[in-house]
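Visitor: Structure provided below as structure tokens; questions to follow.
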Amino acid sequence: MSAAKNGAHTFSIEKPVYLSFTGAIAGPKEGKGPLAPDYDVVKQDLKLGQKSFEKAERMMMKEACDLALSKGNYRPEDLDYFIAGDLLNQITVSGYSALNYPIPFLGIYGACANLTQSMGLGALLISGGYGERALLATSSHNCSAERQYRYPTEYGFQKPCHAQWTVTGAGAAVITADVPPVRITTVTLGELADLGMRDPACLGTAMAPAAAAAMVYHFEETGRDPSFYDAIVSGDLGQVGKELAIDLLFRRGYNVGDIYNDCGTMIYYPHQQVNSGGSGCAASALVVLGNLFRRLSQGEINRALVVATGAMHSPTACLQGDSIPALAYAVSLENETSQ
Amino acid sequence: MSKKVEDIFEISSDEYQQMVEQKKPRPPLGKNLLLAFLSGGFLALVGQLIINFFTGLGFTPSEAADPMVAIFIFLGALATGLGVFDKISHYTGAGTAIPVTGFANSITSAALEFKKEGLVTGVGSKMFVLAGSVIVFGVVTALIIGVISAII
């Protein structure tokens, strides 16, 4: 067996799987944020000459994928799977992007946790011997998400100060069995957590318990302490969610304050008026596949734990009175040459 | 170890909700109320000036309300189309949402948004998605009050 299961959630990826090549395409607002130098491309507008935001988002996903493929000199046929997901109904962006890649398509939905869900699944498939390489992708777009989940983009409602801003961007990665040095060493698959949060304007608070739980499963099932890692990042809890996650972890005896940060709070400057911070699949994708990947590849950091988080927010379910459950998947990334 | 979140952190839904309420930043209530008051009041003042203008032309005060509402709807729609309404309402909040400008913004923003899905199936069907309940409940309430007033 090439992948060993520790406990109910965590898999050790024993036959090597590497995060080999990435593509990070960011929107205009993200391009004005602190991590802009690590994005491959920054787009100057939200429509990109397309007739709709959805079509623009598709363009961004395709561009991210093509970039990751070209960095490794791969043709699409060289890959065994295309694993992708996004926030739109019927995962429209991913489904239509898959038309460009004539390989088996696995569409996934973990909301904003798509990044680590795709990495986890891809790593399990490759490490299990069911393929050599996979193309992973995820994206989000502020306008396409707003019009689907909340309100028309020109609607003048005053956002509460705990609200978050959906990040516009696309991230793609090629994971392989043979291109080091950034190795996917463990995968922790979370379960749904629901502590009764009902506010769709405050998804960070719905996701914080899931993120904290995934970290607990990870630490206790691998036997690792938070200090094993140089960096621990959650996907998009925002400032409020991040503080809640820290407090929850503290209740279980874990002190993560110094090493832990949240991608949603890293992606924008405070003056960019994003209230609690960024959200969306691209929050984790842009930070991890841009900044974190570069730092790992160059040996600036050696071990990172990425805990992308998703709220299974269904506007219909919310209107029918249900609370918002959430989940998280954690993936540990380690620079092999530093071991 | 497969434990539910409540067990891992020894926390109930209610306790967590309390934690959340404490962590949520307080909205700047004073500032929001003041800006809403000033902007809403300013719009009311402008509305009155428009009514005065039309009564000066010979309209009765109640007749003059019609062109005044029409002008405000036009301004709200124009600001929405130019993309400035939401930038203004970020600061003014209820001050621009409550007057008829807010109503105009809700219809215009929906119409603009769903244009991509065609005139009939997009704009036509979806333009009242936000204002629909205001219209329905407003008309129904007016009907009921009208019937009651006719009977009394």
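The values are calculated or read from the model by the stated rules, or taken from the named source; none is laboratory data. Predicted model, so just to flag it, every value in this text is computed and none were measured. Note that each Cβ is placed from the backbone with ideal geometry, even for glycine, and that neighbours are counted across all protein chains shown.
Visitor: Kindly provide the set of residues from region B:73-87 that are touching a helix residue (DSSP H, G or I) at 6+ places or on another chain (Cβ under 6 Å) and within 7 Å of chain A (Cβ to nearest Cβ), ordered by number.
Guide: Matches in region B:73-87: B:Thr80, B:Phe85.
Visitor: Kindly provide the set of residues from region A:214-226 that are in a loop (DSSP other than H, G, I, E, B) and away from every other protein chain (no Cβ under 14 Å), ordered by number.
Guide: A:Arg224, A:Asp225
Visitor: Sticking with this structure for a sec: Suppose we keep only residues that are in a loop (DSSP other than H, G, I, E, B) and in contact with a Leu (Cβ under 9 Å, 6 or more places away or on another chain) within region B:1-19. Which one would you say is nearest to A:Thr222 (Cα to Cα)?
Guide: Residues of region B:1-19 that are in a loop (DSSP other than H, G, I, E, B), as a first pass: B:1-4, B:9-12.
From what is left, the residues that are in contact with a Leu (Cβ under 9 Å, 6 or more places away or on another chain) are B:9, B:11-12.
Details: B:Phe9: 19, B:Ile11: 24, B:Ser12: 27 Å.
This residue is B:Phe9.
Visitor: Which residue, of A:Gly277, A:Gly235, is over 19 Å from A:Asn302 (Cα atoms), touching a Ser or Thr at 6+ places or on another chain (Cβ under 8 Å) and within 14 Å of chain B (Cβ to nearest Cβ)?
Guide: On inspection, the qualifying residue turns out to be A:Gly277.
Visitor: Kindly indicate which of B:Ile144, B:Ile135, B:Ile151 is exposed (fewer than 14 other Cβ atoms within 10 Å of the Cβ), within 14 Å of the chain's Cα centre (by Cα) and not small (Gly, Ala, Ser).
Guide: From the options B:Ile144, B:Ile135, B:Ile151, the qualifying one is B:Ile135.
Visitor: Out of the residues in region A:191-213 that are assigned to a loop (DSSP other than H, G, I, E, B), within 11 Å of another protein chain (Cβ to nearest Cβ) and touching a Pro at 6+ places or on another chain (Cβ under 8 Å), which is farthest from A:Ala163 (Cα to Cα)?
Guide: Top of the filtered list is A:Leu192.
Visitor: Out of everything in region B:99-128 that is in contact with a Phe, Trp or Tyr (Cβ under 8 Å, 6 or more places away or on another chain) and outside any helix (DSSP H, G or I), what residue ends up being nearest to the other protein chains (Cβ to nearest Cβ)?
Guide: Top of the filtered list is B:Met127.
Visitor: So, one more: For region A:143-169, give me each residue that is under 15 Å from A:Ala111 (Cβ atoms) and either assigned by TED's automatic domain parsing to the domain that holds A:Cys263 or of a type in the set (Gly, Ala, Ser) (or both).
Guide: A:Ser144, A:Ala145
Visitor: Given B:Phe114, B:Phe54, B:Phe103, B:Phe42, which one is of a type in the set (Phe, Trp, Tyr), surrounded by 13 or more Cβ atoms within 10 Å (Cβ to Cβ), farther than 18 Å from A:Arg150 by Cβ and over 17 Å from the mean Cα position of the chain (by Cα)?
Guide: Result: B:Phe54 is the single residue among B:Phe114, B:Phe54, B:Phe103, B:Phe42 that is of a type in the set (Phe, Trp, Tyr), surrounded by 13 or more Cβ atoms within 10 Å (Cβ to Cβ), farther than 18 Å from A:Arg150 by Cβ and over 17 Å from the mean Cα position of the chain (by Cα).
Visitor: Test B:Gln22 against the stated conditions and say whether it is within 10 Å of chain A (Cβ to nearest Cβ) and assigned to a helix (DSSP H, G or I).
Guide: yes
Visitor: So if I check each of B:Ser62, B:Ser13, which one is among the hydroxyl-bearing types (Ser, Thr, Tyr) and away from every other protein chain (no Cβ under 14 Å)?
Guide: Values: B:Ser13 fails: away from every other protein chain (no Cβ under 14 Å).
So the residue among B:Ser62, B:Ser13 that is among the hydroxyl-bearing types (Ser, Thr, Tyr) and away from every other protein chain (no Cβ under 14 Å) is B:Ser62.
Visitor: Is region A:252-268 home to any residue that is surrounded by fewer than 21 Cβ atoms within 10 Å (Cβ to Cβ) and either in contact with a Cys (Cβ under 8 Å, 6 or more places away or on another chain) or within 10 Å of another protein chain (Cβ to nearest Cβ) (or both)?
Guide: For region A:252-268, residues surrounded by fewer than 21 Cβ atoms within 10 Å (Cβ to Cβ) and either in contact with a Cys (Cβ under 8 Å, 6 or more places away or on another chain) or within 10 Å of another protein chain (Cβ to nearest Cβ) (or both): present.
Visitor: Does B:Leu34 meet the test of being more than 7 Å from every other protein chain (Cβ to nearest Cβ), surrounded by fewer than 12 Cβ atoms within 10 Å (Cβ to Cβ) and in a helix (DSSP H, G or I)?
Guide: no
Visitor: Oh, and also: Looking at A:Asp45, A:Asp40, which is the one that is out of contact with any Leu (no Cβ under 7 Å at 6 or more places or on another chain) and either among the acidic types (Asp, Glu) or buried (at least 23 other Cβ atoms within 10 Å of the Cβ) (or both)?
Guide: One residue alone meets the criteria, A:Asp45.
Visitor: Let me ask you something else. Checking the conditions here, which among B:Ser62, B:Ser39 is out of contact with any strand residue (DSSP E or B) (no Cβ under 7 Å at 6 or more places or on another chain), in a helix (DSSP H, G or I) and in contact (Cβ under 8 Å) with a residue 12 or more places away in the chain?
Guide: Just a single option satisfies the conditions, and that option is B:Ser39.
Visitor: Sort through A:Gly31, A:Gly23, A:Gly27, A:Gly49 and tell me the only one that's assigned by TED's automatic domain parsing to the domain that holds A:His141, under 21 Å from the mean Cα position of the chain (by Cα) and free of Cβ contacts under 8 Å to residues at least 60 places away in the same chain.
Guide: So the residue among A:Gly31, A:Gly23, A:Gly27, A:Gly49 that is assigned by TED's automatic domain parsing to the domain that holds A:His141, under 21 Å from the mean Cα position of the chain (by Cα) and free of Cβ contacts under 8 Å to residues at least 60 places away in the same chain is A:Gly31.
Visitor: Does region A:140-163 include one or more residues that are closer than 21 Å to A:Pro325 by Cα, more than 14 Å from every other protein chain (Cβ to nearest Cβ), of a type outside the set (A, V, I, L, M, F, W, C) and within 21 Å of the chain's Cα centre (by Cα)?
Guide: Within region A:140-163, one or more residues are closer than 21 Å to A:Pro325 by Cα, more than 14 Å from every other protein chain (Cβ to nearest Cβ), of a type outside the set (A, V, I, L, M, F, W, C) and within 21 Å of the chain's Cα centre (by Cα).
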